[in-house]
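Right, one structure below, let's go through it.
The values are calculated or read from the model by the stated rules, or taken from the named source; none is laboratory data. Not measured: the values here are computed from a predicted model. Because the Cβ atoms are built from the backbone with ideal geometry, glycine has one as well, and the counts that use them run over all protein chains shown. Surface accessibility is based on the protein's heavy atoms, side chains included, excluding ligands, DNA and RNA. Shrake-Rupley method; radii C 1.70, N 1.55, O 1.52, S 1.80 Å.
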Amino acid sequence: MRLITLAIHTYEHALAVKSILEAEGIDVTLQNVNLETPEVSSGVRVRIPETDLPLALRIVENQDIFRPAGQGADPAASRHTIVVPTDFSSHAFKAAEVAARLAKRHKAGLHFLHSFLGPRLTGNVQLSDNLTYEVAEPRGTEELAAEAERQMHDMLADFKGKMKNGSLPVVKYTHAVVEGVPEDSIVEHARLNPPYLVVMGTRNFDRKEREMIGSVTAEVLDESRFSVLTIPENLDISHVDGPHNILFFSNLDQEDILAMDTLYRIFPDAKACVRIIHIPRRLRFTDRAAGHSAIALSEYCAKRFGHFTFETVPVTPKTALAELEGLQSRHNFDLIVIPNRRKNAFSRLFNPGLAHKILFRADIPMLVIPV
C-alpha cells in the first residue's frame, strides 16, 4: 500500500486531522514527530493511502471542520440544496430546469434566489447578463419587494406547471426575495448557507461580449467558494444529465484530484471522455515535466473514476484560450470544468480568472469548482 503526504501541520493540528480522517475510515500515519517532546515539532506529515486521497481532500478542504460546534450553517442541510439565482428571464428559467434534473438525481432541494435594488441604490446597476435595472423614480422598498414577490410567484407557477405535466421531475423547492446587488446577495447567501451547487443561466456568446462589464455570473465565479454550473441560454437541456465530452483545465497539483472528484460526484453515471489541458501555475514546470505530470494525473484518475476515460491534450499555456475554439470544433465539448482559486479584488480587476475569461468565449456549460 503506497502512502502519500496529504498535508504538513503542527502537531496539534495534525492530531485533529488524524482523528477526523480516521472517523471516516481512512488510515492515517504521522511522521517526523519528536516522540519525546512532540509539542515542539513544527512539521508533522499527515500520510494516507493513495487510494483514499479524493475522500481525504474533500474532508480537509472543508473549512468548517475545525469550527467550534454550534457555529455556522447546518452542513447536512446545505449538502442537499441547489441554489438557482433568478432574474425571471428565459435563460434563468432554463438554468432552473437543469437544476431540477440534477436535484432529482441527487435527492436535493432547490432554492430560488432573487435580489432587487432598493431605493438606497441609485443610478444604473447591472442586474443580469443582459438586463440593466434603472431606478427611474423613488419607490419604497416594500413596493419593490412586493413586485419581486409577484414575479417570483409567477415564475414558480410556471415551474410547478412543468412538474405537473411531466416536463420536469418533481422536486422540493423554496424561494427567497432579498434586497441588494445580485452578485453580492448570491455570494453572501452561499457563505451563510453553503450549497451543494449553484446553477446560473448565461446569455449567448455574442450578447455576453457586449455585456462583458458587470456580468453577475462572472462576478460570482470570481468570488465563489462554492461550485457553480453555468448554463447558456441556447443549450439543449436534454443532454445535461450526462455530459459525454468534458474539457478539464488542470493546474497539475493535488487540487485537480479534488475537482475531479467533485465532477464525478455531480455526474456519477456519465460515461464521459475527459480531456485534460494542463496549465501549470508553477513556472518551474518545463513542458516535458508538465506533460509527464498530466499523463500521471490521467492514469491516476482512470483508476479512481471508473465511468470516465481520460486523455491529455497538449497546448501551449499562453495560447490555451486562443486554441479553445479549435478544440471545440474537433471534440464538441459539452462541459468545461475549471478548478478555480479565489483572487483578491485588485487581481480580479486587472487579471480576471480563467473561468471569467472563458465565460465570455464559449457557449458551453461550465462547471467551476473552488480549490
Among the strands (runs of 3 or more DSSP E) lying completely within region 114-219, list those that include at least 1 residues that are modelled with pLDDT of 80 or more and open to solvent by less than 30 Å² (accessible area, probe 1.4 Å).
173-179, 197-202
Out of Thr286, Thr309, I need the residue that is at pLDDT 90 or above and surrounded by fewer than 19 Cβ atoms within 10 Å (Cβ to Cβ). Which one?
Thr309
So which residues in region 249-274 are of a type outside the set (Asp, Glu) and touching a Lys or Arg at 6+ places or on another chain (Cβ under 7 Å)?
Asn251, Leu258
Return the pair list, or none, for Cβ contacts closer than 9 Å from residues in region 100-112 that are more than 20 Å from Asp87 (Cα to Cα) to residues that are open to solvent by 40 Å² or more (accessible area, probe 1.4 Å) and in a helix (DSSP H, G or I), at least 6 apart or on different chains.
His106/Arg265
Looking only at region 334-354, decide whether some residue is in a loop (DSSP other than H, G, I, E, B), closer than 20 Å to Asp256 by Cβ and at pLDDT 75 or above.
no
Can you say whether Leu3 is open to solvent by 40 Å² or more (accessible area, probe 1.4 Å), in contact with a strand residue (DSSP E or B) (Cβ under 7 Å, 6 or more places away or on another chain) and at pLDDT below 85, as far as the supplied structure shows?
yes
Find all pairs meeting these conditions: Cβ atoms under 6 angstrom apart; at least six residues apart or on different chains; first residue within region 45-56 and under 14 Å from Thr29 (Cβ atoms); second residue at pLDDT 80 or above and among the small types (Gly, Ala, Ser).
Val46/Ala14; Ile48/Ala56
